[in-house]
Amino acid sequence: MKVKLWVIGLISIFGLLLLIYTLPAITANFSVLKDTGRPVPAEVIEIVDAQTLLVRFQNRKERCVVLNGVNTPLRQQEGYRRSVLGIIDLVQGNFRNHILVKTDAVLNSKVWLASIYDLEQEILGNLALIRFGYAWPDTYLGDLDEHNSNYLAEANSALAEAKKNTRGHWAGIHIGELPQEPQQSYLVQLQALGHSSELCQP
């Protein structure tokens, strides 16, 4: 038992150090926005990957919306297909392909980092994806440090809830893949290499 607690503590410290180290790298290419006010409605027209939605706003403009504060496997990594099924279930099931988008940061003219909500603003989709067991917490980029730290606490709680209730990756029914946390941050990868999908390239 003591050995397990020691290992968990070591992993937690390593994760915290990694978070502190990667935060400047993440923000380097993202233009973090000041509070943009109320979320705006959009229609989801395509699931791009396990963390990205192609949406159309009421002005007919289309953008790739990457979920802020979330980490999912990249294509060809274990867990990717399960996470894709999770975001499909969230968007097409709970949200009926109609969401509210609150933009937190901009990578380029095509890729926005955002939080998504249902039309009643009762469900924060970013946290829901973690709570349902399809994603892991990541650094939340925003202009308010207090909000960012509160989000991380809620995200870690959502992850613990997913594991406790054996949801998503922890359901015990796997598609040839085990629930392993991605070795990299999706957002760090995004800012370093740009988006892998042609739909999301400026």
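The values are calculated or read from the model by the stated rules, or taken from the named source; none is laboratory data. The shown structure was predicted, so the numbers you read here are calculated from the model rather than taken from an experiment. We place every Cβ from the backbone using ideal geometry, glycine too, and count neighbours over all the protein chains shown. Accessible surface areas use protein heavy atoms only, side chains included; no ligands, DNA or RNA. Shrake-Rupley method; radii C 1.70, N 1.55, O 1.52, S 1.80 Å.
Worth a mention:
- For residue 109, the conditions (1) among the hydroxyl-bearing types (Ser, Thr, Tyr); (2) open to solvent by less than 70 Å² (accessible area, probe 1.4 Å); (3) modelled with pLDDT under 95; (4) within 23 Å of residue 57 (Cβ to Cβ) all hold with the exception of (2).
- Subset of segment 75-100 [in contact with a Pro (Cβ under 8 Å, 6 or more places away or on another chain), open to solvent by 20 Å² or more (accessible area, probe 1.4 Å) and either over 29 Å from residue 183 (Cα atoms) or at pLDDT 95 or above (or both)]: 98
- The residue list 71, 29 contains one member that is surrounded by 14 or more Cβ atoms within 10 Å (Cβ to Cβ) and under 17 Å from residue 132 (Cα atoms), which is 71.
- In segment 129-157, residue least open to solvent (accessible area, probe 1.4 Å) [restricted to those that are among the small types (Gly, Ala, Ser) and over 15 Å from residue 68 (Cα atoms)]: 133
- In segment 78-134, residue nearest to the chain's Cα centre (by Cα) [restricted to those that are among the aromatic types (Phe, Trp, Tyr) and under 14 Å from residue 47 (Cβ atoms)]: 134
- Restricting 146, 120, 161 to those that are of a type outside the set (S, T, N, Q) and assigned to a loop (DSSP other than H, G, I, E, B) reduces the list to 120.
- Subset tally (residues that are touching a residue at least 12 places away in the same chain (Cβ under 8 Å) and under 21 Å from residue 151 (Cα atoms)) for segment 108-128: 14
- Residue list for segment 139-167, filter: in contact (Cβ under 8 Å) with a residue 40 or more places away in the chain, touching a helix residue (DSSP H, G or I) at 6+ places or on another chain (Cβ under 6 Å) and under 26 Å from residue 78 (Cβ atoms): 139, 140, 155
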